[in-house]
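What follows is a set of notes on a single structure, which appears directly below.
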Amino acid sequence: MNLLLPILAVLIGFGISYFLYEKFVIINFLLAFSGSFLLSVTVLEFLPGIYNSGVESIGVFILGGILLQIMLEYMSGGAEHGHLHISKENTNFPWVLFISLCIHAFLEGVPIHGNNHLLYAVIIHKVPIAIIISSFLFNTNLSKAKVVFFLLIFGIMTPFGSFVQANTTLLDNIGIYLNAIVIGIFLHVSTTILFESSKDHKFNIYKFGIIVLGIFLALIL
């Protein structure tokens with residue numbers, strides 16, 4: 001399940017983008033829901049578990065994760081939280097965007113092995129992001145082959161991170177520190193989504209309700 005569901009989330013996002021995106025007017029609501037659910041699962045389960053590990057200075061690595069995500073967003077143009085700010089006219093393969101998103105996707109896959117709630121949060125986060133990335137790429141001058149390659153590798157990276165963590169010893173000595181870094185990434189991404197989910201930062205009762213729903217579901221799961 002850890003290997004298949006993240007790929008399925010990207011495929012769902014791709015399908016929505018390819019067939020329905022022009023009519024899919026609730027993308028911001030999906031983003032708000034995914035952001036609130038991801039933040040809630042991180043704060044309620046992931047964060048306490050890291051601090052209960054007894055590793056000293058673990059907070060430094062959480063802060064490092066926030067800084068890493070800021071750097072990745074400079075590379076990706078903010079795609080991880082639903083924004084893309086690169087030229088649509090470029091026919092060259094967007095390697096910087098590709099590498100940034102693959103690093104982000106691989107890291108978020110590392111802690112989801114054996115943590116179903118975190119797995120659900122990552123999947124819910126991936127669907128609207130995949131919609132936005134897919135719709136953007138299909139509206140550029142990139143060939144369809146390049147777009148499919150981009151989405152295929154992006155979809156595989158999260159389960160690949162989970163596979164490496166579960167089936168190899170490569171991350172045994174640094175797993176706890178990678179988890180702390182991922183917490184920092186999740187905190188930055190989820191809060192950015194919530195802060196940017198309302199146009200002109202005006203209160204929107206519908207989006208507020210969606211955010212509350214995401215928190216509520218995280219509490220009862």
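The values are calculated or read from the model by the stated rules, or taken from the named source; none is laboratory data. What you see is a predicted model; the values in this text were computed from it and never measured. Note that we place each Cβ from the backbone using ideal geometry, even for glycine, and neighbour counts take in every protein chain shown. For the accessible areas, the whole protein counts, side chains as well, though only heavy atoms, and no ligand, DNA or RNA atoms are used. Shrake-Rupley method; radii C 1.70, N 1.55, O 1.52, S 1.80 Å.
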If I go through segment 52-74 residue by residue, how many of them are open to solvent by 40 Å² or more (accessible area, probe 1.4 Å) and modelled with pLDDT of 90 or more? 8
Only one of (1) closer than 20 Å to Leu30 by Cα; (2) open to solvent by 30 Å² or more (accessible area, probe 1.4 Å) is not met by Asp172, so which one is it? (1)
Out of curiosity, is His125 part of a helix (DSSP H, G or I), open to solvent by 30 Å² or more (accessible area, probe 1.4 Å) and in contact (Cβ under 8 Å) with a residue 40 or more places away in the chain? no
Looking only at segment 142-153, decide whether some residue is closer than 21 Å to Leu72 by Cβ, small (Gly, Ala, Ser) and in a helix (DSSP H, G or I). no
Set Ile132, Ile181, Ile193: member being open to solvent by 10 Å² or more (accessible area, probe 1.4 Å), within 17 Å of Gly77 (Cα to Cα) and among the hydrophobic types (A, V, I, L, M, F, W, C): Ile132
